[in-house]
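Attaching a single structure in structure tokens format; questions to follow.
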Amino acid sequence: MPKPARDAISLWDMSAPETASYKPLDGDATADVAIVGGGYTGCSTALHLARHCISSIILEAEDVGFGGSGRNAGLLNAGLWLPPEQVLEIVGKEAGQRLVELLGAGPQYVFSLIEKYQIRCETTRNGTIHAAHAPSGFADLTNRYNQWKKLGAPVELLNRRQAEDKIGSSAFHGGLLDRRAGTINPMGYAKGLARAAVSEGSRLHTGTRVTKLDRVDGKWRVTTPTGIVTADYVVLGTNAYSDELWPGLNRAFTPIHYFQFASEPLTGDDDRILKERQGLWDTGAVMFSARRDAHGRLIVGSMGKLIGGETGLSRTWASKAVRQYFPELGPVNWEKAWHGRIAFTKDHVPRVHKLAENLYTAIAYNGRGISPGTVFGASIADAIAGKDDTKLAMPLSNLSPEAFRALREAGYELSFKAWRLLKTL
């Protein structure tokens, strides 16, 4: 398994089949658009700008996919966390319908890019399962099922026996199988999307941290330690890894963490666990997720920071979770552990901001970065190409801080830790 020169940030960083690397910016440059961040949003924006024959430069402080793109679970889901009708209530009927349609078709669009550019990211297209942790969870899934079926989505409501057959666990009370969805190696997709953007003409520089944005004579000056990029537009694709580059942006969401443990590859005797390779997450207030990768590893995760590295409290939780959900599996040897940040909003809805003249950002995917990051990046490119903000995936909103952000962040982390302690007793 190829390994990067630096420490791997996740299993996906260790195992991604895509291996292209890039150099830091060396001297001043110009482009139509400067993009800050080499994750899904930034690379998708660059790729789709190139399709409009608009030049761009991606400036990534670390490596492609170093933030949430290379650390998530790799579940390529349709829609948002919210059921469709709730999206319409929050966003508005017309804009909400458009958003539901765009993100409902999001996985298919991602799959089309993977196929077109031959992105090597260990794709499966057998759907994902939202599993009921309790009878109340199954009632929620029934409501979601009814709403998606009204829209013609290929979803199936699984009873307890059907869910057990597909998951390989009797711990769940049923599930909602979404055939539009699938799983990928998320770092493989990020690197492949970057390669696709470069192949279409975008320029990409890693190890290049943007330190300042200035508006000078109708142009943006994007300052880095190794050069200045002058551009007509700037797109910030930093999401949960936003820093102080633009005042207030990193306070427009509440950061929460999600940790994961990956086992060594399981043997053929254990293949009944998620035998069709659907990714799974449950309806619990503190979410549990599970999936298999292309090499047969079992990856389990939950909310909160990784506590105690690869040997402490989080590892104890992971081992106990496997005993709870998959008792026939026996002891598991863990190969890699990591966590990443999620940009979380109180209403679970992303935001698109026009921070200043010709300065855009899409942010706060609430844990669903793959499809929304791709779709929102494409819509920003369309808006820039047509100089028409109605091309954006959703209406622009004003930048404002999340209420009681610091208190909420600390409260979430404390509750996640307490829950983990309780589960390991």
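Taken together, the values in this text are just the output of simple stated rules run on the coordinates, not laboratory data. The model shown is predicted, which means the values in this text are computed figures rather than measured ones. With ideal geometry, Cβ positions are generated from the backbone for all residues, glycine too; neighbour counts draw on all protein chains shown.
Report Rg/Rh for the range 129-283, rounded to two decimals, where Rg is the Cα radius of gyration and Rh the Kirkwood radius. Could the numbers behind the result be given before it?
On the way: Rg = 22.5 Å, Rh = 20.1 Å.
A ratio of 1.12.
Mind listing the long-range amide H neighbours of ASN126? Cut-off is under 5 Å, sequence gap 5 or more, other chains count too, H placed in the peptide plane at 1.01 Å from N.
Here the answer is THR183, since their amide H atoms fall under 5 Å of that of ASN126.
Mind pulling the per residue volume of the convex hull built on the Cα atoms of the range 369-425? Å³ is fine.
Values: hull volume 6.1 nm³, N = 57.
It comes to 106 Å³ per residue, whole-number rounded.
Which value, in debye to the nearest 20, describes the size of the charge dipole of the range 87-163 about its Cα centre when Lys and Arg Cβ atoms bear +1, Asp and Glu Cβ atoms bear -1, and nothing else is charged? Provide the component values of the computation, followed by the final result.
Values: 10 positive and 7 negative charges, 37 e Å.
Using Cβ point charges on Lys, Arg, Asp and Glu, the range 87-163 gives about 180 debye.
Taking every pair of alpha-carbon atoms in the range 100-218, what share in percent sits in each 10 Å bin, from 0 to the bin with the longest distance?
12, 29, 25, 18, 12, 3, 0
OK, next. So which lysines can LYS150 reach, going by Cα to Cα under 18 Å and dropping same-chain residues fewer than 8 places off?
LYS93
In sequence order, what are the phi-derived ³J(HN,Hα) couplings for the range 263-276 according to the Karplus relation 6.51 cos²θ - 1.76 cosθ + 1.60 with θ = phi - 60°, rounded to whole Hz, with x for glycine and proline?
7, 5, x, 7, 7, x, 5, 9, 6, 6, 6, 6, 4, 9
Output needed: percent of Cα pairs per 5 Å distance bin for the range 56-97, bins running from 0 to the one holding the longest distance.
5, 17, 15, 12, 11, 17, 15, 7
Related question: Which is farthest toward the positive dipole end of the range 147-215 among PRO154, GLY175, VAL198, measuring Cα position about the Cα centre, with Cβ charges +1 (Lys, Arg) and -1 (Asp, Glu)?
VAL198
Quick one: Debye curve from the alpha-carbon atoms of the chain only, equal weights, vacuum; give me log10 I(q)/I(0) at q = 0.13 Å⁻¹ to two decimals.
-1.13
Further question: Neighbouring Cβ atoms within 10 Å as the yardstick, rank LYS93, LYS275 fewest first.
Working: LYS93 9, LYS275 14.
Ascending number of Cβ neighbours within 10 Å: LYS93, LYS275.
Which order results if TRP12, TRP220, TRP317 are arranged by neighbouring Cβ count within 10 Å, fewest first?
TRP220, TRP317, TRP12
So what is the 222 nm mean residue ellipticity for the chain from helices alone, if each DSSP H run of at least 4 adds -39500 (n - 2.57) and you divide by all residues, rounding to the nearest 500 deg cm²/dmol? Numbers along the way, then the final one.
Working: 11 runs with 136 residues, N = 425.
Per the formula, -10000 deg cm²/dmol.
I'd like the Karplus ³J(HN,Hα) series for the range 29-43: coefficients 6.51, -1.76, 1.60, θ = phi - 60°, whole numbers in Hz, and an x wherever there's a Gly or Pro.
Computed from phi, the couplings for the range 29-43 are 8, 10, 7, 5, 9, 9, 10, 9, x, x, x, 4, 5, x, 6 Hz.
In terms of the ratio Rg/(2.2 N^0.38 Å) built on C-alpha atoms, what value belongs to the range 277-408? Provide the component values of the computation, followed by the final result.
Details: Rg = 19.3 Å, N = 132, 2.2 N^0.38 = 14.1 Å.
The reported ratio for this selection is 1.37.
Could you run the Karplus curve 6.51 cos²θ - 1.76 cosθ + 1.60 with θ = phi - 60° over the range 330-345 and give me ³J(HN,Hα) per residue in whole Hz, x for Gly and Pro?
Karplus values, whole Hz, x for Gly and Pro: x, x, 10, 8, 8, 9, 7, 9, 6, 9, x, 9, 10, 8, 10, 10.
Any chance you could check the Cα centroid distance between the range 334-400 and the range 65-89 for me, in angstrom?
Answer, in whole Å: 11.
As I understand it, the dipole of the range 1-140 uses +1 on the Cβ of Lys and Arg and -1 on the Cβ of Asp and Glu, about the Cα centre. Which of ALA134, TYR109, GLY70 lies farthest toward its positive end?
It is TYR109, whose Cα lies furthest towards the positive end.
Moving on to the next point. Which lysines does LYS219 reach when only Cα atoms under 21 Å apart count, and residues fewer than 8 places away in its own chain are ignored?
Qualifying lysines at Cα under 21 Å: LYS354, LYS387.
Please rank CYS121, CYS53, fewest neighbouring Cβ atoms within 10 Å first, as an exposure proxy. Provide the component values of the computation, followed by the final result.
Values: CYS121 24, CYS53 10.
With the fewest neighbours first, CYS121, CYS53 line up as CYS53, CYS121.
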